[in-house]
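In what follows, a structure is listed as structure tokens, so that the remarks can point back to it.
The values are calculated or read from the model by the stated rules, or taken from the named source; none is laboratory data. Keep in mind that this is a model prediction, so the values were computed, not measured. Backbone-built Cβ (ideal geometry, glycine too); neighbour counts: all protein chains shown.
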Amino acid sequence: MSTAQPPRFDEAALAQFEQLVAWRRDVRRFKPDAVDPALIDRLLALACLSPSVGNAQPWRFVKVESPERRAAIRANFVASNAEALQDYHGERARLYAGLKLSGLDVAPVQIAVFCDGQTTAGYGLGRRTMPETMQYSVVAAIQTLWLAARLLGLGVGWVSIIDPAALKASLDVPDSWSLIAHLCIGYPVEESDQPELVRYGWQAREDWAGLVMVR
């Protein structure tokens, strides 16, 4: 059992955390500047400290460095994005077409994040009734990585407009793995405390109080 003394977080630390959460962004506009690989490894190490159901730690990170594999992923996005555009019409279609929805062309780092649903780690604890908690655990790790990246001056963009099966084939990963996210990481061109989709008129923030219920 650890004998380390727990830290005490004061109001100043809380205020900084509130700023961190407010300034975390889904970044799509990156500088081409290289990122020190040691910095990425530091982010991944922090992400792996995240909570997981049964301590199963089902996250699997794939650093995508091959130009051929990156090209395949970009082609995947382009095709998926064209299909998605067909779901919108009129002004909403015009807005959609004008959005920048990925940083694949410029971001120096790309990481695909998978859930290994067949891992024996954790011995199945906590997931019999809610097996989806395995994937939720991976999302928690992504959020940890996202916040840590912001602290280090890096931006993270989540590319969700993509065919998961095609991406899995492009990366040649085990069949039992399920794609959770394809991430672009690098130094952001701009920083803001407002989401880009708010700034470009796609969707305003909802009032958090209206999302809370009491029963």
Revision key, fill the gap. Of the residues in the stretch 77-95, those that are out of contact with any His (no Cβ under 9 Å at 6 or more places or on another chain) and in contact (Cβ under 8 Å) with a residue 40 or more places away in the chain number 5
Check your understanding: Being more than 27 Å from Arg69 (Cα to Cα), modelled with pLDDT under 95 and either in a helix (DSSP H, G or I) or among the acidic types (Asp, Glu) (or both), is that true of even one residue in the stretch 179-190?
Key -> yes
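Arg69 - would you say it is charged (D, E, K, R), assigned to a helix (DSSP H, G or I) and in contact with a helix residue (DSSP H, G or I) (Cβ under 6 Å, 6 or more places away or on another chain)?
Yes: the conditions hold for Arg69.
With the structure loaded, tell me whether Ile142 is closer than 27 Å to Ala75 by Cα and not in a helix (DSSP H, G or I) or whether it fails that test.
The answer is no for Ile142.
For the stretch 83-96, name all the residues that are in contact with a helix residue (DSSP H, G or I) (Cβ under 9 Å, 6 or more places away or on another chain) and either surrounded by fewer than 11 Cβ atoms within 10 Å (Cβ to Cβ) or among the β-branched types (Val, Ile, Thr) (or both). Before you say what the answer is, go through the steps one by one.
Step one: filter the stretch 83-96 for residues in contact with a helix residue (DSSP H, G or I) (Cβ under 9 Å, 6 or more places away or on another chain), giving 84-88, 93, 96.
Correct list: Gln86, Asp87.
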Point to revise | Enumeration of residues in the stretch 120-140 that are buried (at least 16 other Cβ atoms within 10 Å of the Cβ) and among the basic types (Lys, Arg) | key: Arg127
Practice item. Consider Glu11 carefully, then state whether it is of a type in the set (Asp, Glu) and over 21 Å from Ser192 (Cα atoms). Key: yes
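I'm trying to understand the selection: among the residues of the stretch 56-76, which are touching a residue at least 60 places away in the same chain (Cβ under 8 Å) and either among the small types (Gly, Ala, Ser) or exposed (fewer than 13 other Cβ atoms within 10 Å of the Cβ) (or both)?
Ala56, Ala72
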Review point. Of the residues Asp33, Asp87, which single one is of a type in the set (D, E, K, R), farther than 22 Å from Trp146 by Cβ and not in a helix (DSSP H, G or I)?
Key: Asp87
Practice item. Mind listing whichever residues of the stretch 149-167 are in contact (Cβ under 8 Å) with a residue 40 or more places away in the chain and not in a strand (DSSP E or B)? Key: Ala149, Arg150, Leu151, Leu152, Leu154, Ile161, Ile162, Asp163, Ala166, Leu167
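Give the residue that is surrounded by the most Cβ atoms within 10 Å (Cβ to Cβ), with candidates limited to residues of the stretch 29-55 that are free of Cβ contacts under 8 Å to residues at least 24 places away in the same chain and small (Gly, Ala, Ser).
So, considering only residues that are free of Cβ contacts under 8 Å to residues at least 24 places away in the same chain and small (Gly, Ala, Ser), the one surrounded by the most Cβ atoms within 10 Å (Cβ to Cβ) is Ala45.
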Review point. So which of Gln5, Gln16, Gln57 ends up being in a loop (DSSP other than H, G, I, E, B) and at pLDDT 95 or above?
Key: Gln57
